[in-house]
Amino acid sequence: RASNLKKEYRKKEQEMIENEERKRIKSDQRKLLNKIMNNSKLFNNSEKNAFRQRFNKGDNFNIIKTNVIKKAQNLKREYMKKEQELREEEEKKRIRNEKKRLLNKIMSNSKYLNNSDKNAFRERFNKGENFNVIKTNVIKKAGNLKREYMKKEQELREEEEKKRIRNEQKRLLNKIMGNSKDLNNADILTFRQRFNNGENFNLIKANVIK
C-alpha cells in the first residue's frame, strides 16, 4: 500500500511538473506572439485579438505564428504601397503647382494678354491639358498680341506724324496766302479746298507763289 501511495504521489508530482512546463511554454508562446504583433506597428486591436482568441482556444501555435508573420508582411506591403502612392501624389501636386506658377508668371509678364485670354488658358490647364502645349500657345499668343500692339502703335505714330505734317503744311499755306497781296478771298478759298481735298501740298504751294 505504501508503495502504491508513493507511486501515486510521484505521478501527481510529474503531472504538476508537466502542467507547469505546459504553462511556461504557453506563456512563452503568448509573449512571443504579442512581441511579433507589437513589433509590427500596423496591426489594429481587432486583428491582434483575433489571433489571441485562436491561441487561447488552443489552435496550433506554429500555424498562428506563421499567420501573424504573413499578416504583418502583407500589412507592411500595403502600408509601403500607400506611402509610395502618397509620395507620388504629393510629387504630382508639387509639379502641378510649379507648372501653374510658371504659367501665371508667363501670362503676367505679357502686358498684352487680357483677363479673358488668361482665364481661357487657366481653364485648359485645370482640365488637365498638356502643359507644354498650353505654355507654347501662351507664348505664341502673347507674341502675336505684342506684334499687333506694336503694329497699331506704329500706325498711330505714323497717323499722328501725318496730321502734324498736314497741320504744319496748312499753317505754312495760310501764311504764304496771308502774305500775298495779289490773292483775293475766292483764290484763297480755292487753294484751301484743293488742300483739304488732299492735293499735293508742294504743287498747291507752287501755284500760290506763282
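The values are calculated or read from the model by the stated rules, or taken from the named source; none is laboratory data. As the structure is a prediction and not an experimental result, all values here were calculated from the model. No Cβ is skipped: glycine too gets one built from the backbone with ideal geometry, and neighbour counts run over all protein chains shown. For the accessible areas, the whole protein counts, side chains as well, though only heavy atoms, and no ligand, DNA or RNA atoms are used. Shrake-Rupley method; radii C 1.70, N 1.55, O 1.52, S 1.80 Å.
Data for the structure
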item	result
Computed over the stretch 120-210, the ratio Rg/Rh where both radii use C-alpha atoms and Rh is Kirkwood	1.50
Per residue, in Å², the accessible surface of the chain once ligands and nucleic acids are set aside, probe 1.4 Å	80 Å²
Charge dipole (debye, nearest 20) of the stretch 33-152; +1 at Cβ of Lys and Arg, -1 at Cβ of Asp and Glu	440 debye
In order through the stretch 49-60: 3J(HN,Hα) via Karplus (6.51 cos²θ - 1.76 cosθ + 1.60), integer Hz, x for Gly, Pro	5, 5, 5, 5, 5, 4, 5, 5, 7, x, 4, 4
12 Å beta-carbon shell around ASN144, net charge (K/R +1, D/E -1)	+3
Dipole-positive endmost among TYR79, PHE61, ASN167 within the chain (Cβ charges, Cα centre)	PHE61
Karplus-derived HN-Hα couplings along the stretch 89-95 (A = 6.51, B = -1.76, C = 1.60, θ = phi - 60°), whole Hz, x at Gly and Pro	5, 5, 5, 4, 5, 4, 5
Cα centre as origin, Lys/Arg/Asp/Glu Cβ charges: the chain dipole, Debye	1220 debye
The chain: equivalent-ellipsoid semi-axes (sqrt of 5 x gyration tensor eigenvalues, Cα, Å)	111, 11, 9
Ranked order, LEU42, LEU86 - accessible area, probe 1.4 Å, largest first	LEU86, LEU42
Residue (of SER116, ASN137, MET150) at the positive-pole extreme of the stretch 94-153, dipole from beta-carbon charges	ASN137
Reachable lysines from LYS12, criterion Cα separation under 24 angstrom, eight or more residues apart if same chain	LYS23, LYS26
Carbon plus sulfur fraction of accessible area for the stretch 55-179, probe 1.4 Å, in percent	49 percent
Geometric extent, Cα atoms of the stretch 51-154 - Rg, Dmax (angstrom)	27.9, 96
Helical mean residue ellipticity (222 nm; -39500 (n - 2.57) per DSSP H run of 4+; nearest 500) of the chain	-30500 deg cm²/dmol
